[in-house]
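S.K.: My questions will all concern the structure given below.
The values are calculated or read from the model by the stated rules, or taken from the named source; none is laboratory data. Since we're looking at a predicted model, the values are computed, not measured. Cβ coordinates were reconstructed from backbone atoms using ideal geometry, including for glycine residues, and neighbour counts include every protein chain displayed. Note: areas computed on protein heavy atoms with side chains; ligands, DNA, RNA excluded. Shrake-Rupley method; radii C 1.70, N 1.55, O 1.52, S 1.80 Å.
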Amino acid sequence: MVLIIIFLVFHRGNPMIACLSAVFSLRNDFETTIQFGESRVIANAIGGTFAMMYSLALMQFHHADWVQVIILPILLMMVIAVNDGINNNRGIIGASAAFLMICFTIPSDGDYLYAVARVIDTFIGTAVAIVMNIGVHPIKFDEPLKKDVQKMHEHIIEEVEHKSHH
């Protein structure tokens with residue numbers, strides 16, 4: 001709902017890519033969403049960059065079918081290889097999905113700016129997922145602090161007991 005409203009207010013068109021990006025990014029708690037969100041942002045940038053290359057190839061070759069049959073799979077392999085190469089394995093599916101969603105929705109009169117706009121859509125979706133996760137599962141800043149204090153307390157007890165036994 002939030003993404004649909006954002007897209008209506010800012011006249012961004014179809015919110016499909018942003019919504020799917022949000023779904024791909026959303027995890028069961030804020031910390032995991034942030035970690036996955038970082039991976040997703042990198043993946044979106046990679047998928048989007050290769051989608052822009054595909055868009056340029058389509059324009060260069062006047063939307064010839066062979067570009068979709070030959071260039072698209074080669075670029076998809078490169079999306080996967082780059083993510084794997086930078087050890088962003090958890091982002092491979094998201095990068096591939098972003099790449100394919102953008103490539104298969106480029107209108108016949110679209111140019112590389114269409115791809116840029118769709119990459120921005122994926123970032124919007126990821127950001128909304130992170131913000132929504134904060135609202136649903138608020139950050140518990142005191143939990144890590146309590147754990148650290150508990151560990152220090154246990155360590156002190158162990159040290160005291162260890163010294164009293166000697």
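S.K.: Given the criterion within 15 Å of V128 (Cα to Cα) and of a type in the set (D, E), identify the matching residue among D29, D65. Walk me through it before giving the result.
M.R.: On the way: D65 fails: within 15 Å of V128 (Cα to Cα).
Answer to the check: D29.
Results for (1) free of Cβ contacts under 8 Å to residues at least 60 places away in the same chain; (2) more than 19 Å from S39 (Cα to Cα); (3) open to solvent by less than 80 Å² (accessible area, probe 1.4 Å), shown as yes or no for each residue.
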| position | (1), (2), (3) |
| --- | --- |
| D65 | yes, yes, no |
| Q68 | yes, yes, no |
| I71 | yes, yes, yes |
| L76 | yes, no, yes |
| V79 | yes, no, yes |
| G94 | no, no, yes |
| A98 | no, no, yes |
| I102 | no, no, yes |
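S.K.: Taking only the range 95-120 into account, find how many residues are more than 20 Å from N83 (Cα to Cα) and among the charged types (D, E, K, R).
M.R.: Total meeting the criteria: 2.
S.K.: With N83, N87 as the choices, which residue is part of a loop (DSSP other than H, G, I, E, B), of a type outside the set (G, A, S) and farther than 19 Å from A57 by Cα?
M.R.: N87
S.K.: Hey, can you tell me all the residues within the range 34-81 that are of a type in the set (G, A, S) and more than 18 Å from the chain's Cα centre (by Cα)?
M.R.: Passing the criteria: S55, A57, A64.
S.K.: Continuing with the same structure: If only one of K140, K163 is among the basic types (K, R), more than 26 Å from I6 (Cα to Cα) and either at pLDDT 90 or above or assigned to a helix (DSSP H, G or I) (or both), which one is it?
M.R.: Matching residue, one of K140, K163: K163.
S.K.: Output the residues belonging to the range 105-136 that are touching a residue at least 24 places away in the same chain (Cβ under 8 Å), among the acidic types (D, E) and outside any helix (DSSP H, G or I).
M.R.: Across the range 105-136, the qualifying residue is only D111.
Per-residue answers, yes or no, for (1) touching a Pro at 6+ places or on another chain (Cβ under 6 Å); (2) under 19 Å from T105 (Cβ atoms); (3) modelled with pLDDT under 90; (4) part of a loop (DSSP other than H, G, I, E, B):
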{"residue": "L8", "(1), (2), (3), (4)": "no, yes, no, no"}
{"residue": "G13", "(1), (2), (3), (4)": "no, yes, no, yes"}
{"residue": "C19", "(1), (2), (3), (4)": "no, yes, no, no"}
{"residue": "E31", "(1), (2), (3), (4)": "no, no, yes, no"}
{"residue": "I34", "(1), (2), (3), (4)": "no, no, yes, no"}
{"residue": "N44", "(1), (2), (3), (4)": "no, yes, yes, no"}
{"residue": "Y54", "(1), (2), (3), (4)": "no, yes, no, no"}
